[in-house]
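Below is one structure, written out as structure tokens; the observations come after it.
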Amino acid sequence: MVLEALAVLLAAFSISPTEVTLMAYDIGISDLPPRDVAAACKRAIRECKFCPRPAELRALCGANNPEADGAGAWERIIWAASRHGSYRTVAFSDGTANESIRVMGGWPTLLDQLDAGEREKWARKEFLGHYLALRRSGQESGEPLQGLAETGRVVAIQCNRTTGDTHERITRRDVATARLARPSS
């Protein structure tokens with residue numbers, strides 16, 4: 001699907017696709033959902049005067065908007081907080097969100113701020129600030145955020161970039177891995 005969409009895009013701008021050109025696009029967009037890339041190619045044909053480079057094609061997919069990604073991550077945090085509370089261990093598919101929460105003191109600390117009226121507004125602002133800074137620096141973590149009752153069960157919270165739907169799955173972490181991940185006292 002992606003290769004066909006790219007071929008049509010390049011043809012629309014009278015560019016002969018070479019192996020190197022296709023490799024450059026592959027490097028630039030291989031992490032994006034194929035449906036988003038195909039839609040971005042169609043949009044580029046309708047809206048662009050010149051053939052978009054891989055970074056511009058990413059922008060047409062909505063992939064270069066860390067502010068929007070941070071706002072979406074905050075919505076998933078609020079959803080997970082209301083559904084799971086501070087006792088469950090959670091792991092967001094967005095590693096930047098995980099690391100931002102960790103920088104703020106962890107999952108239970110963040111949730112304490114969500115129940116405090118005016119503090120929630122400031123917690124959101126702090127989260128978005130950390131999210132943007134960490135996104136720029138490339139720091140992220142897939143490590144779960146420990147809840148107050150660490151049991152080895154992790155709620156993995158994932159967002160489908162195409163539909164925006166949020167899904168969860170409960171997993172059991174390997175006990176040895178969990179021991180290695182815990183800092184020694």
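The values are calculated or read from the model by the stated rules, or taken from the named source; none is laboratory data. Bear in mind the structure is a predicted one, so any value in this text is a computation, not a measurement. All Cβ positions, even for glycine, are placed from backbone atoms using ideal geometry, and neighbour counts span all protein chains on display.
Pairs linking a residue in the stretch 8-31 that is farther than 20 Å from CYS48 by Cβ to a residue that is charged (D, E, K, R), with Cβ atoms under 6 Å and 6 or more positions apart or on different chains, do not occur. Against the test of being more than 19 Å from the chain's Cα centre (by Cα) and among the small types (Gly, Ala, Ser), the options ALA71, ALA55, ALA11 yield a single qualifying residue, ALA11. If you go through the stretch 18-40 and pick out every residue that is farther than 11 Å from VAL2 by Cβ, within 19 Å of the chain's Cα centre (by Cα) and outside any loop (DSSP other than H, G, I, E, B), you end up with 2. It is to be established whether one or more residues within the stretch 45-66 are of a type outside the set (D, E, K, R), crowded, with 19+ Cβ neighbours inside 10 Å and modelled with pLDDT of 90 or more. Scanning the stretch 45-66 turns up at least one residue that is of a type outside the set (D, E, K, R), crowded, with 19+ Cβ neighbours inside 10 Å and modelled with pLDDT of 90 or more. Being exposed (fewer than 14 other Cβ atoms within 10 Å of the Cβ) and either without any contact (Cβ under 8 Å) to a residue 40 or more places away in the chain or among the aliphatic types (A, V, I, L, M) (or both), is that true of even one residue in the stretch 86-99? No, the stretch 86-99 contains no residue that is exposed (fewer than 14 other Cβ atoms within 10 Å of the Cβ) and either without any contact (Cβ under 8 Å) to a residue 40 or more places away in the chain or among the aliphatic types (A, V, I, L, M) (or both).
Taken together, the criteria place LEU132 among residues that are touching a helix residue (DSSP H, G or I) at 6+ places or on another chain (Cβ under 8 Å) and either in contact (Cβ under 8 Å) with a residue 60 or more places away in the chain or not assigned by TED's automatic domain parsing to the domain that holds ALA81 (or both). Looking only at the stretch 8-44, filter to residues that are β-branched (Val, Ile, Thr) and over 29 Å from ASP94 (Cβ atoms); which one of those is surrounded by the fewest Cβ atoms within 10 Å (Cβ to Cβ)? Per the stated criteria, the residue is VAL20. Of all the residues in the stretch 41-73, those that are more than 25 Å from LEU134 (Cα to Cα), touching a residue at least 24 places away in the same chain (Cβ under 8 Å) and in a helix (DSSP H, G or I) number 4.
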